[in-house]
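Below: one structure, written as structure tokens.
The values are calculated or read from the model by the stated rules, or taken from the named source; none is laboratory data. The model shown is predicted, which means the values in this text are computed figures rather than measured ones. Here the Cβ is made from the backbone with ideal geometry for all residues, glycine too, and neighbour counts use every protein chain on show.
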Amino acid sequence: MAKVYIKTFGCQMNVYDSARMRDALLVHGYKETDNPDVADILLFNTCHIREKASEKLFSEIGRVARGKKKNALVVVAGCVVQAEGAEILKRCHDIDIAIGPQNYHQLPELIAKYNRKNGRKIVADFPAESKFDFLPEPQKNAASAFLAVQEGCDNFCSYCVVPYTRGCEYSRPSKDILAEARALVKNGAKEIMLLGQNVNCWHGDKGRDLGDLIRDLAKIRDLKRIRYTTSYPSKITKNLISAHANCKKLMPYIHIPIQSGSDAVLKAMNRKYTVAEYEKIVAAFRKMRPDIAISSDFIVGFPGETEKDFNDTLELVKRVGYASSFSFKYSSRPGTPASLMKNQIPEDVKTKRLIKLQALLLSQQRAFNEATIGKEFEVLLTEVGKNPGQLIGYSPYMQGTVVKAPKKLLGQIVRVKVTGASATALQAELIA
Ligand code: SAH
Ligand code: SF4
Ligand code: F3S
């Protein structure tokens, strides 16, 4: 039986896409392997968001390709393919097939028909049909599963490649989303993370928003937890905020990226909100659900960011108080308006700012975790821990939690009491 090895880079959307490509190949009789040396298909799902990510990619493909089985096919998928187009085949001679993010339903056929003699192949267009209508139902999944409800982006932040690599905004109809959710739950999912590049822009059915979709999903009896990511601040509706108060299955956690605490920088980034508007949204979430955990993304060293702008970001962080966060140095991406801006910030300044911001964010994360010591809540156990007798899961607030528990509880929701905390994880005990 032919075997496929899959390596995924980038965001949760890519993790989801890899699972769907794997499912499509499983249906065609492939088996998955975690050993690239025995695989017949080597599939790399790539990310283009920052320079470092794309750089690492080609050396990784080369390294794995050197050890591959004779005649094994190297397939590259994802955002780098969309961004580079046919150039990617010139840049990396190990690649047999390159496939863009909107073409994944064509993958099994491309592989079946592939003949080296006819030349290497790239398919990276935005077809009229939706891949979602052709990809099979989930074949296997974990207790916590991803489900893409929205894809693409029309916001064109001046630094970002996503609108170019993923295409314009598209929402899946709720009928399809509910069917996929039921299939995931039938396969053992207890939690579903709804995904979208701007998940709260979902408008799959006329006049309905993500809050409505969440309420519909909550009616699936054996689905216990619902999450969503990532949200664009100015597109948050009252209906979504109120779902946090009246939909018990919706977890008290929201990822709501601000990027910068300076209005001037937000404007240059083409983000369509002000700092004050963002803080109002945060306050509205907290009013509905006082214990809600808030997380964000930040970019430091955007072109033209002054020391004062950067300090405004630090002040914003202090006012909001984040449970966790992702922060990055601005990375200039080809084809984006920001890459052409004159006032680029030197690398050493970016580094200094990032270190300072991350120290503050980490101290907030530690404080947030420590404040849960002594509390009781439910954890969905999804992984085996490093030490014997330990399982790992996530708290309602998305804190990684190490629990002393027998292996048979893997995939279950258990009640625990938090006994210890660090900046990155909680320790907890089972409660009978
Ligand atoms: N749609 C989401 C973000 C998707 S990309 C939103 O707008 O909030 C994930 C994160 O990568 C972004 O939030 C941003 O912080 C970061 N990012 C995107 N482009 C970047 C770039 N050119 N340099 C550095 N970080 C970037
Ligand atoms: Fe990129 Fe902005 Fe779209 Fe987010 S909203 S994906 S940062 S263009
Ligand atoms: Fe990367 Fe594409 Fe996701 S660029 S972050 S894999 S949408």
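Looking at segment 362-375, is at least one residue in contact with a Lys or Arg (Cβ under 8 Å, 6 or more places away or on another chain), within 30 Å of L430 (Cα to Cα) and at pLDDT 95 or above?
First, pick out the residues of segment 362-375 that are in contact with a Lys or Arg (Cβ under 8 Å, 6 or more places away or on another chain): 374-375.
Narrowing the set further to residues that are within 30 Å of L430 (Cα to Cα) leaves 374-375.
Narrowing further to those that are at pLDDT 95 or above: 374-375.
Yes; the residues of segment 362-375 include at least one that is in contact with a Lys or Arg (Cβ under 8 Å, 6 or more places away or on another chain), within 30 Å of L430 (Cα to Cα) and at pLDDT 95 or above.
If I go through segment 228-251 residue by residue, how many of them are under 24 Å from K190 (Cβ atoms) and among the β-branched types (V, I, T)?
Total satisfying the criteria: 2.
Can you name the strands (runs of 3 or more DSSP E) wholly within segment 280-394 that have at least 2 residues being in the same structural domain as S242 (by TED's automatic domain parsing) and in contact with a helix residue (DSSP H, G or I) (Cβ under 9 Å, 6 or more places away or on another chain)? Quick ask: steps written out before the conclusion?
On the way: elements: 293-300, 324-329, 376-384, 390-394.
Hits in segment 280-394: 293-300, 324-329.
Can you give me the number of residues within segment 264-279 that are within 16 Å of ligand 2 (Cβ to nearest atom), surrounded by fewer than 20 Cβ atoms within 10 Å (Cβ to Cβ) and not in a loop (DSSP other than H, G, I, E, B)?
Selection size over segment 264-279: 2.
Give, as residue ranges, the strands (runs of 3 or more DSSP E) completely inside segment 181-257 that count at least 3 residues that are more than 16 Å from ligand 3 (Cβ to nearest atom) and more than 21 Å from D297 (Cα to Cα).
Values: elements: 191-195, 225-229, 253-255.
In segment 181-257, no matching strands (runs of 3 or more DSSP E) lie anywhere.
Just give me the residues in segment 180-209 being in contact (Cβ under 8 Å) with a residue 40 or more places away in the chain and under 21 Å from Q102 (Cβ atoms), in sequence order.
Step one: of segment 180-209, the residues in contact (Cβ under 8 Å) with a residue 40 or more places away in the chain are 180-181, 183-184, 187-202, 204.
Passing the criteria: E180, L194, L195, G196, Q197, N198, V199, C201, W202, G204.
Let me spell it out: the conditions are (1) away from ligand 1 (no atom under 16 Å from the Cβ); (2) part of a loop (DSSP other than H, G, I, E, B), and L178 meets all of them except one. Which number is the exception?
Of (1) away from ligand 1 (no atom under 16 Å from the Cβ); (2) part of a loop (DSSP other than H, G, I, E, B), only one is false for L178: (2).
For segment 295-302, indicate whether the set of residues that are over 25 Å from the mean Cα position of the chain (by Cα), closer than 26 Å to V161 by Cβ and crowded, with 20+ Cβ neighbours inside 10 Å is non-empty.
So far as segment 295-302 goes, no, none of its residues is over 25 Å from the mean Cα position of the chain (by Cα), closer than 26 Å to V161 by Cβ and crowded, with 20+ Cβ neighbours inside 10 Å.
Mind checking which pairs have a first residue in segment 265-290 that is modelled with pLDDT of 95 or more and a second that is of a type in the set (K, R) and away from ligand 2 (no atom under 16 Å from the Cβ), Cβ under 8 Å, 6 or more apart or different chains?
Close Cβ pairs (under 8 Å, with a partner that is of a type in the set (K, R) and away from ligand 2 (no atom under 16 Å from the Cβ)) amount to E279/R319; A284/K238.
Answer yes or no as to whether G261 is within 16 Å of ligand 3 (Cβ to nearest atom), crowded, with 23+ Cβ neighbours inside 10 Å and not basic (K, R). Step through it out loud before you land on a result.
Numbers: within 16 Å of ligand 3 (Cβ to nearest atom): no; crowded, with 23+ Cβ neighbours inside 10 Å: yes; not basic (K, R): yes.
Here the answer is no, as G261 does not meet what is asked.
Any idea which residue in segment 336-370 is farthest from S295 (Cα to Cα), counting only those that are touching a strand residue (DSSP E or B) at 6+ places or on another chain (Cβ under 6 Å) and hydrophobic (A, V, I, L, M, F, W, C)? Please lay out each step first, then the result.
Filtering segment 336-370 for residues touching a strand residue (DSSP E or B) at 6+ places or on another chain (Cβ under 6 Å) gives 350, 353-354, 357-358, 361, 365, 369-370.
Now restrict to residues that are hydrophobic (A, V, I, L, M, F, W, C): 354, 357, 361.
On the way: L354: 17, L357: 14, L361: 10 Å.
Residue satisfying both the conditions and the ranking: L354.
Spot the failing condition for K224; the list is (1) buried (at least 16 other Cβ atoms within 10 Å of the Cβ); (2) more than 16 Å from ligand 1 (Cβ to nearest atom); (3) within 30 Å of N311 (Cβ to Cβ); (4) of a type in the set (K, R), and only one is missed.
(3)
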